[in-house]
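I have placed the structure first, in the form of structure tokens, so that the comments after it can refer back to it.
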Amino acid sequence: MPSLAQSLSPHDLGHLHIVAELWGLDLEAPDAHQGLKELTAAMLQPGLLLEIVSTLPPESQQALVHLARHRGRLPWDAFTRKY
């Protein structure tokens, strides 16, 4: 599965601002490259990550637990079929 940075890297600064806003973050970066670094660092802060995960539906939480148990390494097709 792609990492968070890999998933967000093809997107422009506007898209990164939208993601940041949905996570309750302010993005101060002047360009997409810096924005990607800033956003991924903020999104992976344990406290914020736990807060966001706790608001997800139970099925989504189960998918993340399953992924974590496999250290983030599951074949994409198997993961998408199951969840």
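Remarks
- Scanning the stretch 51-80 for residues that are under 15 Å from L25 (Cα atoms) and either loosely packed, with under 10 Cβ neighbours inside 10 Å or not charged (D, E, K, R) (or both) returns a single hit, I52.
- Residue match in the stretch 26-47 (condition: within 26 Å of F79 (Cα to Cα) and among the polar types (S, T, N, Q)): yes
- Taken over the stretch 31-50, the criterion of being surrounded by 14 or more Cβ atoms within 10 Å (Cβ to Cβ) and either more than 12 Å from the chain's Cα centre (by Cα) or among the aromatic types (F, W, Y) (or both) is satisfied by A32, Q34, G35, E38.
- Selection within the stretch 15-30: residues that are part of a helix (DSSP H, G or I) and either at pLDDT below 95 or open to solvent by 40 Å² or more (accessible area, probe 1.4 Å) (or both). The member of this set that is nearest to L56 (Cα to Cα) is L22.
- Residue tally, condition part of a helix (DSSP H, G or I), within 21 Å of Q6 (Cβ to Cβ) and not β-branched (V, I, T), over the stretch 35-68: 17
The values are calculated or read from the model by the stated rules, or taken from the named source; none is laboratory data. Here the structure is a predicted model, which means the values were calculated and not measured. Note: ideal-geometry Cβ built from the backbone for every residue, glycine included; neighbour counts use all protein chains shown. Ligands, DNA and RNA are stripped out before the accessible areas are found, and what is left, the full protein with its side chains, is counted by its heavy atoms. Shrake-Rupley method; radii C 1.70, N 1.55, O 1.52, S 1.80 Å.
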